[in-house]
Amino acid sequence: MQRVAFCTPVNPVESGISDYSEELLPYLGQYVDLTVVVDDEVQPTNQQLIATLPVIRISDLAKQHARQPFDAIIYHMGNSPAHSRFWQSLQRLPGIVVLHDYVLHHLMLWHAANRLKHLPSYRQQMQHYYAEQGTQLAQRMERGQLGDAVFDFPLSEPVIAQASSLIGHSQYVLERAQQQRPDLPTSLVPMGVPLLPPADRLAARQVLQLPAEVPIWASFGHINPYKRIEQALHAFAQFRRSYPDARYILVGSVSPSYDLKALLQRLQLGDSVQVTGYVDHADFNRYVAAADICFNGRYPSAGETSASLLRLLGAGRAVLVSDIATFSELPADVVAHVPVDRDEVNLIAAYAERLWADVALREALERNARRFVAEKHNLPLAARGYADHLSKVQGWQRLAIQREPLWDLNQVTIQTSIPQVIGHKAAQLGLVDADAPLLDRLATRLRNLLP
């Protein structure tokens, strides 16, 4: 089987891409032999991953590639500091880029300021790609004058320039990448998410101590000014005129730059809005199950495909989304699209009132949402997309499934043998096939020490 280096954040790194990768790996590993490449400062916590796959540091990738070349290298690039060292490696050792966000501006600024400790390199990039406008914006950003304007200056150009080929999860991202490099081989690969069991709304509410019959709105994920929470709360205030017992639950951490408390006080929503902060995986799923109407807003957009949104749809929730960028590509019978304009608040409220009053309509939307994810965004389909892209760009015969998924996503831990542990540690040390006799002797001696 072909050997593929898979460079990505993993847990405990707080990134949606950590969860994404750990869910994809067992299925992609059916086609190729994977080595997971992580940031130097990260010690993976996923026991299945540790037990099943070799893990190496990104600083060792070039050395190991020189000793025993990988057949392909995949870099996951998103708009956060978690990808800084992967960007550093990509510049020296080009490979396939999975572009999770079209806007990488915040990554590039952080990389210059913290990894390179040389802000002039950021200014030079901005001037190179965007001329005088870029220089002016860079100066404002360096002074801490952050604003929405950065979304018009994506700074993904250098990453796209280094890519040998590119995988995107939306036409939105691919079209913009192809405008920069019409010659770049690209593939549209669906984002895959696990399909949760059908939600039991009443059971979830009972565990969470929520009322059984009142309408419950919910939004999920990190709360910041770009998630349109203020507009949703104004709409919720309108909704409560008809349904005064309604609740709105905001599930996720709150950005320090976003004064949510002051907003709630200004709208006088009292105890009708609950802010949970970060919750564990089990409670997250319970809040998803408990919700009647979910709102997933975004403006401006970094061109991301939202895994949290796909999880909501897969759970069979009725979801309102901003009609922008990648969200506009979702079918109209799967989500309710809300234009980001002066009627946004009124339309959110109107959608919610209609969906709550018309149970048959809401249930139809829920069924469509779940079916859409089951058919179009399942994990085996996503892995097949990666395999087909690898075959295409590497000139391989079409990859076929060679084995069962590497682990069960519902399994908490995996037992592993001594030879497996030694093999994984050997990969971390950079040992290769010529070292096999030594490793065999070591494995035998260790096995003999066992009771």
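Since every read-out is calculated from the coordinates, none of them should be taken as a lab result. Quantities reported herein were computed from a predicted structural model and do not represent experimental measurements. Virtual Cβ from ideal backbone geometry, glycine too; neighbours counted across all protein chains shown.
Note the direction-averaged projected area, equal to a quarter of the hull surface, for the Cα convex hull of region 154-226, in nm². Don't jump to the answer; show the numbers that get you there.
Working: hull surface 32.8 nm².
The orientation-averaged projected area of the Cα hull of region 154-226 comes to 8.2 nm².
Counting pairwise Cα distances across region 31-91, what percent come out greater than 19 angstrom? Spell out each step's value before the answer.
Details: 591 of 1830 pairs.
Cα-Cα pairs in region 31-91 separated by more than 19 Å: 32 percent.
Compute the Rg to Rh ratio over region 1-160 from the alpha carbon atoms, using the Kirkwood formula for Rh, and round to two decimal places.
Numbers: Rg = 16.8 Å, Rh = 16.6 Å.
Expressed as Rg/Rh, it is 1.01.
Report the charge-dipole magnitude of region 132-270 in Debye, nearest 20, computed about the Cα centre from +1 at each Lys and Arg Cβ and -1 at each Asp and Glu Cβ.
Values: 13 positive and 12 negative charges, 116 e Å.
Computed about the Cα centre, the dipole is about 560 debye.
For ASP152 paired with VAL359, estimate the spin-label separation in nm (one decimal), with each label point 7 Å from Cα along the Cα-to-Cβ line.
4.9 nm
Could you put TYR31, TYR75, TYR129 in order, starting from the residue whose Cβ has the fewest other Cβ atoms within 10 Å? Can you show the working numbers first?
Working: TYR31 23, TYR75 27, TYR129 16.
Arranged by neighbour count, lowest to highest, TYR31, TYR75, TYR129 become TYR129, TYR31, TYR75.
Across region 124-139, in residue order, what do the Karplus-derived ³J(HN,Hα) couplings come to in whole Hz, using 6.51 cos²θ - 1.76 cosθ + 1.60 with θ = phi - 60° and x for Gly and Pro?
The phi angles translate into 5, 4, 4, 5, 4, 8, 10, 6, 5, 4, x, 4, 5, 5, 4, 5 Hz.
When the gyration tensor of region 201-376 is built from Cα positions, what are the square roots of 5 times its three eigenvalues, in whole Å, from largest to smallest?
Working: eigenvalues 88, 75, 58 Å².
One finds semi-axes of 21, 19, 17 Å for region 201-376.
Answer with one residue from LEU174, VAL334, TRP396: the one whose Cα lies farthest towards the positive end of the charge dipole of the chain, charges on Cβ with Lys, Arg +1 and Asp, Glu -1.
Positive-end residue among those listed: TRP396.
Given +1 on the Cβ of Lys and Arg, -1 on the Cβ of Asp and Glu, and no further charges, what dipole in debye does the chain carry about its Cα centre, rounded to the nearest 20?
Using Cβ point charges on Lys, Arg, Asp and Glu, the chain gives about 640 debye.
Find the all-direction average of the projected area of the Cα convex hull for region 341-413, expressing the result in square nanometres with one decimal place.
Numbers: hull surface 38.4 nm².
Averaged projected hull area, Cα only: 9.6 nm².
Identify all lysines with a Cα-Cα distance to LYS261 below 24 Å; exclude those on the same chain that are fewer than 8 residues away in sequence.
Those lysines meeting the cut-off are LYS227.
Please order GLU22, GLU230, GLU363, GLU132 by the number of other Cβ within 10 Å, starting at the fewest.
Numbers: GLU22 21, GLU230 16, GLU363 13, GLU132 9.
So the residues, fewest neighbours to most, are GLU132, GLU363, GLU230, GLU22.
For the ranges 237-248, 378-389, 265-276, what's the packing order if you count other beta-carbon atoms within 10 Å of each residue, average per peptide, and put the highest first?
On the way: 237-248: 16.8, 378-389: 19.8, 265-276: 13.7.
Answer by packing, highest mean first, reads 378-389, 237-248, 265-276.
Grab the DSSP H runs of the chain that are 4 residues or longer, score each as -39,500 (n - 2.57), total them, divide by all residues and round the 222 nm result to the nearest 500 deg cm²/dmol. Please list the in-between numbers first.
Details: 18 runs with 202 residues, N = 451.
Computed mean residue ellipticity for the chain: -13500 deg cm²/dmol.
What whole-number value in cubic angstrom gives the convex hull volume per residue for the C-alpha atoms of region 275-370? Walk me through the intermediate numbers first.
Values: hull volume 10.4 nm³, N = 96.
Hull volume normalised by residue count: 108 Å³.
Given the alpha-carbon gyration tensor of the chain, what are the semi-axes of its equivalent ellipsoid in whole angstrom, ordered largest first, with each equal to the square root of 5 times an eigenvalue? List each step's numbers first, then the result.
Numbers: eigenvalues 311, 160, 82 Å².
Listed largest to smallest, the semi-axes of the chain are 39, 28, 20 Å.
Pop out the Kirkwood hydrodynamic radius of region 200-268 from its pairwise C-alpha distances, inverse of mean 1/r, in Å to one decimal.
Working: mean 1/r = 0.0756 Å⁻¹.
13.2 Å is the Kirkwood radius here.
Angle, helix 436-448 long axis vs. longest principal axis of the chain, Cα atoms, 0 to 90°, nearest 10?
Tilt relative to the chain: about 70 degrees.
What angle, in degrees between 0 and 90 and rounded to the nearest 10, separates the Cα long axis of helix 16-28 from the longest principal axis of the Cα atoms of the chain?
For 16-28 against the chain, the angle is about 50 degrees.
Quick one: in region 65-109, what % of C-alpha pairs are over 13 Å apart? It would help to have the intermediate numbers written out before the result.
Numbers: 549 of 990 pairs.
Taking all Cα-Cα pairs of region 65-109, the fraction more than 13 Å apart is 55 percent.
What is the helix-to-structure angle for 229-242, meaning the angle in degrees between its Cα long axis and the longest Cα principal axis of the chain, kept from 0 to 90 and rounded to the nearest 10?
40 degrees
Cα atoms only, region 86-136: Rg and Dmax in Å?
Gyration radius and largest Cα-Cα distance of region 86-136: 11.9, 33 Å.
Ranked highest first by the average count of other Cβ atoms within 10 Å around their residues, in what order do 217-223, 85-91, 254-260 fall? Working shown, then result.
Numbers: 217-223: 21.4, 85-91: 19.3, 254-260: 13.4.
The densest-packed peptide leads the list: 217-223, 85-91, 254-260.
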